[in-house]
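Okay, so here's the structure we're looking at.
The values are calculated or read from the model by the stated rules, or taken from the named source; none is laboratory data. All figures in this text were calculated on a predicted structure; none of them were measured in a lab. These area figures cover heavy atoms from the full protein model, side chains too; ligands, DNA and RNA do not enter into them. Shrake-Rupley method; radii C 1.70, N 1.55, O 1.52, S 1.80 Å.
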Amino acid sequence: MLMFAGWAVIVLGALTALLGLYAVLKDLAADLVLLGGCLLILVAWGIEALVLVLAARDVAVPDPITLWGYVATGIALPIAGIWLGLGERSRWGSAAILIIAVTMIVLQMRLPQLWPGAFA
């Protein structure tokens, strides 16, 4: 389940980043498709966070502060992207979502390094 959610975050992040890049280059505000992509990233990350919480009940986490900091950041960033996309009605709202989508990909790629046992 963790690998599926992880790949979902990476694929959705890449698609949202491409949409964000298109919107920035065309000088467009964030539309419902771009905001929906950010929401889908949040849903995928939320599923992954829930599975991590359930897995952490049985096994000790090697670096819990960093891991849960990543999980909290992964939940907070898409929420901030939706808020910025709705509030900033210029291309800068789309740019914020682009940056957040790329950051979510990086967070997802780093997560298995923090707790390799959960992703084995």
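When all protein chains stay in place, what accessible area (Å², nearest 10, 1.4 Å probe) is found for T103?
50 Å²
Skip the ligands, DNA and RNA, and give the accessible area per residue of segment 22-120 with a 1.4 Å probe, whole Å².
55 Å²
In the chain, what percent of the accessible surface is made up of carbon and sulfur (1.4 Å probe, ligands and nucleic acids excluded)?
76 percent
So how much accessible area does M3 have, in Å² to the nearest 10, using a 1.4 Å probe?
100 Å²
Output ³J(HN,Hα) for segment 42-53: one whole-Hz value per residue in order, computed from phi by the Karplus curve 6.51 cos²θ - 1.76 cosθ + 1.60 with θ = phi - 60°, and x for Gly and Pro.
For segment 42-53, the Karplus-derived couplings read 4, 5, 4, 5, x, 4, 5, 5, 5, 5, 5, 4 Hz, x marking Gly and Pro.
Under 8 Å for C-alpha pairs, at least 6 residues apart: give me the relative contact order for segment 36-120, rounded to a whole percent.
37 percent
To the nearest 10 square angstrom, how much accessible area does I105 have with a 1.4 angstrom probe?
The accessible area comes out at roughly 30 Å².
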